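*Asks:* My questions all concern the structure below.
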Amino acid sequence: MTKGEITRQRIIAEAAPIFNQRGFEGASMQDIMQATGLEKGGLYRHFSSKEELAVEAFQYALDRSIRLKLPLVPPGISAVDHLCLLVEHFVASKSSLPGGCPLMNTAIDSDDGNPALRDLARKGIQNWQTRLIAIVDAGLKRGEIRKGTASRRIANTIIATLEGALMITRIEGRSAALQDAQESLIDMLRQLAPAPSQPSGLHKS
């Protein structure tokens, strides 16, 4: 990695907490200059615009958040247990950056009509959906999840419930909503397992 690439990565890492806390409009280039110790010309040597830097910074924050939120999965774990583990780990994990969930923050920022951030948030949600759908589909294939279960519906329910609970937690300043979300999702996911098969060949004595 060249010296210029190292500097670029450092700028992104130091700008990420600022954008995640203050949003695109709230974060000024002066804030970035103070955090990085660079002049405006030094920043624009590596990024053509504030928007380009914001996209890179939010992507950095999303990547860090994903790594933190993904638990170590024991070998041979069932699909239902895998989904439950993801939910429990999501609730237990703290944000890797000040300002809370980067995905939610990116989505909120994209409402201001920033197409680059909207695309980034959309891809983040799609990646999460794809990961969850794959777990459900694998469980269906192995007979660990009831036939007829809609994998997309399960994925969207998990994402919407957890992200909604994060928003409430952020507003209330306490984790009750996240705990409630975890319990509700675990109850739902446990019901995805097929009913135990009834023993056959029983005769009255």
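*Asks:* Per residue of the chain, what 222 nm ellipticity follows from adding -39500 (n - 2.57) for every DSSP H run with n ≥ 4, rounded to the nearest 500?
*Replies:* The helix-only estimate for the chain comes to -23500 deg cm²/dmol at 222 nm.
*Asks:* What do you get for the angle between helix 79-92 and the principal long axis of the chain? Use alpha-carbon atoms, 0 to 90 degrees, nearest ten.
*Replies:* 40 degrees
*Asks:* Which of the lysines could a cross-linker bridge to LYS3, judged by Cα under 29 Å and excluding same-chain residues fewer than eight apart?
*Replies:* LYS40, LYS50
*Asks:* If you take the charge dipole of the chain about its Cα centre, with +1 on Lys and Arg Cβ and -1 on Asp and Glu Cβ, which of THR36, MET104, ILE171 is farthest toward its positive end?
*Replies:* Farthest along the dipole direction, towards plus: MET104.
*Asks:* For LYS141, list the aspartates and glutamates whose Cα falls under 18 Å from its own Cα; do not include residues on the same chain fewer than 8 positions away.
*Replies:* ASP81
*Asks:* With θ set to phi - 60°, apply the Karplus curve 6.51 cos²θ - 1.76 cosθ + 1.60 along segment 114-127 and write out the HN-Hα couplings as whole Hz, x wherever there is a Gly or Pro.
*Replies:* 8, x, 5, 6, 4, 5, 5, 5, 4, 5, x, 5, 4, 4
*Asks:* Compute the helix-to-body angle for 176-190: its Cα long axis versus the longest principal axis of the chain, expressed 0 to 90° and rounded to tens.
*Replies:* Roughly 40 degrees between the two axes.
*Asks:* Provide, for q = 0.10, 0.17 Å⁻¹, the log10 of I(q)/I(0) from a solvent-free Debye sum over equal Cα point scatterers in segment 3-190.
*Replies:* Cα-only, vacuum Debye calculation for segment 3-190: -0.47, -1.07.
*Asks:* A follow-up question, please. Can you tell me which of GLN30, GLN179, GLN129 moves the most in a GNM of the chain? Springs connect C-alpha atoms under 10 Å apart.
*Replies:* Of GLN30, GLN179, GLN129, the most mobile in the Gaussian network model is GLN30.
*Asks:* A further question on this structure: Kirkwood-based Rg over Rh for segment 49-135 (C-alpha set), two decimals?
*Replies:* That ratio equals 1.03.
*Asks:* For segment 89-163, run through the trypsin sites (Lys or Arg not before Pro) and keep only the ones in DSSP coil with at most 12 other Cβ atoms within 10 Å of their Cβ.
*Replies:* Listed in order of number, the matching sites are LYS94, ARG142, LYS147.
*Asks:* Still on this structure, please answer the following. What list of ³J(HN,Hα) values in whole Hz, one per residue of segment 131-139 in order, does the Karplus curve 6.51 cos²θ - 1.76 cosθ + 1.60 (θ = phi - 60°) give from phi, with Gly and Pro shown as x?
*Replies:* Karplus-based 3J(HN,Hα) across segment 131-139 equals 5, 5, 4, 4, 5, 5, 4, 5, x Hz.
Bear in mind these aren't lab numbers, they're just calculated from the coordinates by the rules spelled out. Source: prediction; values computed, not measured. We place every Cβ from the backbone using ideal geometry, glycine too, and count neighbours over all the protein chains shown.
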